[in-house]
1. For labels at residue 112 and residue 189 in the simple 7 Å Cα→Cβ model, what's the distance in nm?
2. Using the Cα centre as the reference, give the magnitude of the dipole from point charges on the C-beta atoms of region 1-143 (Lys, Arg: +1; Asp, Glu: -1; all else neutral), rounded to the nearest 20 debye.
3. log10 I(q)/I(0), Debye, Cα-only the chain, no solvent, q = 0.08, 0.11, 0.13 Å⁻¹?
4. Cα centroids of region 9-44 and region 222-241: how far apart, whole angstrom?
5. Determine the calculated [θ] at 222 nm for the chain from helices alone, applying -39500 (n - 2.57) to every DSSP H run no shorter than 4 residues and normalising by the residue count; nearest 500 deg cm²/dmol.
6. Excluding residue 239 itself, calculate the net charge of residues whose Cβ lies under 15 Å from the Cβ of residue 239, where each Lys or Arg counts +1 and each Asp or Glu counts -1.
7. Once you charge only the Cβ atoms, +1 for Lys and Arg and -1 for Asp and Glu, what is the size of the charge dipole of region 116-241 about its Cα centre, to the nearest 20 debye?
8. Can you list, largest first and rounded to whole Å, the semi-axes you get for region 162-221 by taking the square root of 5 times each eigenvalue of its Cα gyration tensor?
Amino acid sequence: MPGTTLQIPTADGLADAFAAFPDDGEPHPGVLMYADGFGLRPVLRDLARELAQHGYYVLVPNFFYRHGPAPVLDLPGFIGEDERPEVFARVLPLIEAHPPELVLRDAGAYLAFLTAQPEVRPGPVAVTGYCIGGLHAVRTAAAHPDRVAAVAAFHAPVGAAGPDAFSQLAAEAHFGHAASDLTPETLGELNQALDAAGVSCTSEIYPDTVHGFTMADTDAFRPAGLRRHWERLLPLLDRAL
């Protein structure tokens, strides 16, 4: 599956990005994929390539580009219990320096770039993301309801988007939560807020998962959770795009 590194013009400079897409010369639906808080790295490229194999053009921006090109941080090849404290100490300042205003400022540039690619079919796109990237995905979809037809977020703090963002969502949504992140009670409260805002979505806790369950380069990885993620994501994209 072809993959290439690109430069996305934004209001604040150039954001490096990775794109994967079928090598058949045909245009395909576009998907904007946001990385988790550890940023653009090989495991995200693998997820993008896997999704591209199903007939999508997948763009993964380095949303930490203001701090340098990916990899912004020199991460260990595998992030386990011993590595987490030191990695989080370096990652959290980057996340805190990337508030919603910057997310939304970049989102329009990412979507404009994605839809301008010759390999991308005209029409609506999807946005998906992991961890903090899932929150970015929800905020992007809410800010661009005329352009985003589907949004998905996995082990993501989607509730932080809030009722105002939920009320702006026109996209069909799926939210796959880690069992360590939400209790059934807090899931019920989140789903009530989504229902009240009129969001068409499924929002569920994936059994036996912990935060980060899709990321194969961490000790949070759960193969069954990743499979369930594909089982929910692919039909959503097929319906919407």
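No lab work stands behind these numbers, since they all come straight from the coordinates. Predicted model only: the values in this text are computed from it and were never measured. Positions of Cβ are generated from backbone atoms using ideal geometry, with glycine treated the same way; all protein chains shown enter the neighbour counts.
1. My value for the distance between the label points is 3.9 nm.
2. Dipole magnitude for region 1-143 comes out near 320 debye.
3. So the normalised log intensities work out to -0.26, -0.51, -0.73.
4. When both Cα centres are located, 18 Å separates them.
5. The per-residue figure over the chain is -12000 deg cm²/dmol.
6. Net charge around residue 239: -2.
7. Here region 116-241 has a charge dipole of around 320 debye.
8. Semi-axes from the Cα gyration tensor: 24, 13, 9 Å.
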